[in-house]
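Student: The structure is given below, and queries will be raised subsequently.
The values are calculated or read from the model by the stated rules, or taken from the named source; none is laboratory data. A quick note: this is a predicted structure, and the numbers were derived from the prediction, not measured. FYI the Cβ positions are ideal-geometry reconstructions off the backbone, even for glycines, and counts take in every protein chain you see. Note: accessible area is taken over every heavy atom of the protein model, side chains too, but ligands, DNA and RNA are not part of it. Shrake-Rupley method; radii C 1.70, N 1.55, O 1.52, S 1.80 Å.
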Amino acid sequence: MKHLNETGLLLALMRAALHQDWQAQLPWPAGCSTQKLEDLILRQSLVRMIYPVLKNQKGAAWAPLQQSMKRPYEKMIQLGVMQEYEIQALLDSFEQEGIDCMPIKGWITRTFYPDPLMRSMADLDVVIRQMDSGRMRTWMEARDYVYDDTEKGFHDGYWKLPFMYVELHQCATDRRSLPADEAAWVEQKEQGLWDPENLLPGKKHIYRMGMEDFYVHSLLHFRKHFTGSGVGIRFLADIYVFRQQRLPLDAARIRSQLEAVHMTAFARQMERVANACFDGTGTPALDRDAALVVDYLVSAGVHGGREVQRALQVQQRGQGTYLHNMPREMLRQCFPSAEVLHKRYPRLEKAPWLLPAYWAVRAVRIVAQERYKIGQARRSSSKKAYDQLREVYLAAGVLEK
């Protein structure tokens, strides 16, 4: 693994935190870099999770990290408390105003942790049953939220200083990146989101997915980012804490859903890697496949990265060969999808029939003025990066061995 000592120590700190072993004493590995470990903790958004363990470590080697992490931890706790208060107030307003809604992703996942504040959140994701963007914009702005006009398509985004960001969704799963058969299955399944059985106890308008559906939805979201721009190791912790709840789950329901979205191997591998990372005590010993997955997750950061994204774009979930996929990716970069063009040119929202003309203009411009973009596309990834990523996909169960 890259940064072997730092990654191993990061996993050990996470493991102690997830088991609430706050007094665990961890050895500082020889050659471990304080700066690299600090960078990993910050990039993975794990300050709130591991600082309670970190602050109790003994020895001079730990002192610089304890000192540098103290202030970020205090700021992140402040952010978390403010988020908890603001989100609950917003959900109470949905209930009072009779707006059917369903919080998803991090707001639910955080409840599986020993302390919800351990799990940081970048935003609140809420599905609105009858999503009317204009009506909801007026409603949100009346509550001091500012519409984010950079967001288009799958959700509407809203800012509220200093820390809040809310995404209002018209559906729970972004089906744009799914193959047609998976997208059709997800669309049909989500028609049952608003079943009265999914209402929270004592609520008339706040819904919550069944735990089987939530788990599969979480894995779909994980795979989307895993095969998108990359994603961090926190998703493994999410899987681990969910499985540790020992909930009375319908295993057959989960299995059938995973099969429908071709995710059985991915789920099995992620559960196995999560257990390898966080079961037991001390620094985990990972086999080759687990090490490949962990290295990929740690390298990507919690929100991925541009280098990972470029390699993933060529990989296209691992189908075909590098020589087959690279020309296709060059065409995609030079002639982006209709969705991308709609985001770039707002006029297309009102006049979608102009889309062929925009593609034609783009073709003429590239040939006449912007041929360098073809070269950029060619250089955006290498066969070596492609082959390495394929190994990760095989190890993760995205591809079958």
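Student: Only one of these conditions is not met by Thr150: (1) out of contact with any Lys or Arg (no Cβ under 6 Å at 6 or more places or on another chain); (2) not in a loop (DSSP other than H, G, I, E, B). Which number is it?
Tutor: So Thr150 meets the others, but not (2).
Student: Looking at the stretch 104-123, can you tell me whether even one residue there is part of a helix (DSSP H, G or I), hydrophobic (A, V, I, L, M, F, W, C) and in contact with a Phe, Trp or Tyr (Cβ under 8 Å, 6 or more places away or on another chain)?
Tutor: yes
Student: Looking at Ile77, Ile41, Ile87, which is the one that is open to solvent by less than 10 Å² (accessible area, probe 1.4 Å), over 26 Å from Gly202 (Cα atoms) and among the β-branched types (Val, Ile, Thr)? Write out each step before concluding.
Tutor: Values: Ile77 fails: open to solvent by less than 10 Å² (accessible area, probe 1.4 Å); Ile87 fails: over 26 Å from Gly202 (Cα atoms).
The conditions single out Ile41.
Student: Just to be sure I understand the filter: pairs with C-beta atoms under 6 Å, separated by 6 or more residues or on different chains, first member in the stretch 223-244 and closer than 15 Å to Thr173 by Cβ, second member open to solvent by less than 10 Å² (accessible area, probe 1.4 Å) and of a type outside the set (S, T, N, Q). Which pairs pass?
Tutor: Pairs that qualify, where the first residue is closer than 15 Å to Thr173 by Cβ and the partner is open to solvent by less than 10 Å² (accessible area, probe 1.4 Å) and of a type outside the set (S, T, N, Q), are Arg223/Phe266; His225/Val231.
Student: Now for a separate question. Residues to consider are Arg15, Arg71; find the one that is basic (Lys, Arg) and crowded, with 17+ Cβ neighbours inside 10 Å.
Tutor: Arg15
Student: In addition: Please state which one of Thr138, Thr150 is open to solvent by 20 Å² or more (accessible area, probe 1.4 Å), of a type in the set (Ser, Thr, Tyr) and at pLDDT below 95.
Tutor: The match here is Thr150.
Student: List the number of the failed condition for Gln25; all other conditions in (1) open to solvent by 80 Å² or more (accessible area, probe 1.4 Å); (2) touching an Asp or Glu at 6+ places or on another chain (Cβ under 7 Å); (3) among the polar types (S, T, N, Q) hold.
Tutor: If we test Gln25 against (1) open to solvent by 80 Å² or more (accessible area, probe 1.4 Å); (2) touching an Asp or Glu at 6+ places or on another chain (Cβ under 7 Å); (3) among the polar types (S, T, N, Q), just (2) comes out false.
Student: Just give me the residues in the stretch 180-209 being touching a residue at least 60 places away in the same chain (Cβ under 8 Å) and outside any helix (DSSP H, G or I), in sequence order.
Tutor: The initial filter retains those residues of the stretch 180-209 that are touching a residue at least 60 places away in the same chain (Cβ under 8 Å), namely 182, 185-186, 189, 193-194, 198, 203-209.
Across the stretch 180-209, the qualifying residues are Leu193, Trp194, Lys203, Lys204, His205, Ile206, Tyr207, Arg208, Met209.
Student: Need the failing condition index for Glu95 against (1) surrounded by 18 or more Cβ atoms within 10 Å (Cβ to Cβ); (2) touching a strand residue (DSSP E or B) at 6+ places or on another chain (Cβ under 7 Å); (3) farther than 27 Å from Ala290 by Cα, just the number.
Tutor: Condition (1) is where Glu95 drops out.
Student: Can you tell me which residues in the stretch 153-201 are open to solvent by 70 Å² or more (accessible area, probe 1.4 Å) and either within 17 Å of Asp213 (Cα to Cα) or acidic (Asp, Glu) (or both)?
Tutor: Hits for the stretch 153-201 are Asp181, Glu187, Gln188, Gln191, Pro196, Glu197.
Student: Report, by residue number, each residue of the stretch 280-304 that is of a type in the set (Ser, Thr, Tyr) and either at pLDDT 95 or above or within 13 Å of Phe226 (Cβ to Cβ) (or both).
Tutor: Tyr296, Ser299
Student: What pairs come out if I take residues in the stretch 20-31 that are within 15 Å of Phe278 (Cα to Cα) and pair them with residues that are assigned to a loop (DSSP other than H, G, I, E, B) and among the β-branched types (Val, Ile, Thr) whose C-beta lies under 8 Å away, six or more apart or interchain?
Tutor: Pairs found: Asp21/Thr281; Ala24/Thr281; Leu26/Thr283.
Student: Going through the stretch 229-274 one residue at a time, which ones are surrounded by fewer than 20 Cβ atoms within 10 Å (Cβ to Cβ), farther than 25 Å from Met14 by Cα and not hydrophobic (A, V, I, L, M, F, W, C)?
Tutor: Pro248, Asp250, Arg253, Arg255, Ser256, Glu259, His262, Thr264
Student: State which residue is modelled with the highest pLDDT when the search covers only the stretch 380-397 and only residues that are assigned to a loop (DSSP other than H, G, I, E, B) and open to solvent by less than 30 Å² (accessible area, probe 1.4 Å).
Tutor: Taking the stretch 380-397 first, the residues assigned to a loop (DSSP other than H, G, I, E, B) are 380-382, 397.
Filter again for open to solvent by less than 30 Å² (accessible area, probe 1.4 Å), leaving 380-381, 397.
Numbers: Ser380: 50, Ser381: 54, Gly397: 94.
By that ranking, first place goes to Gly397.
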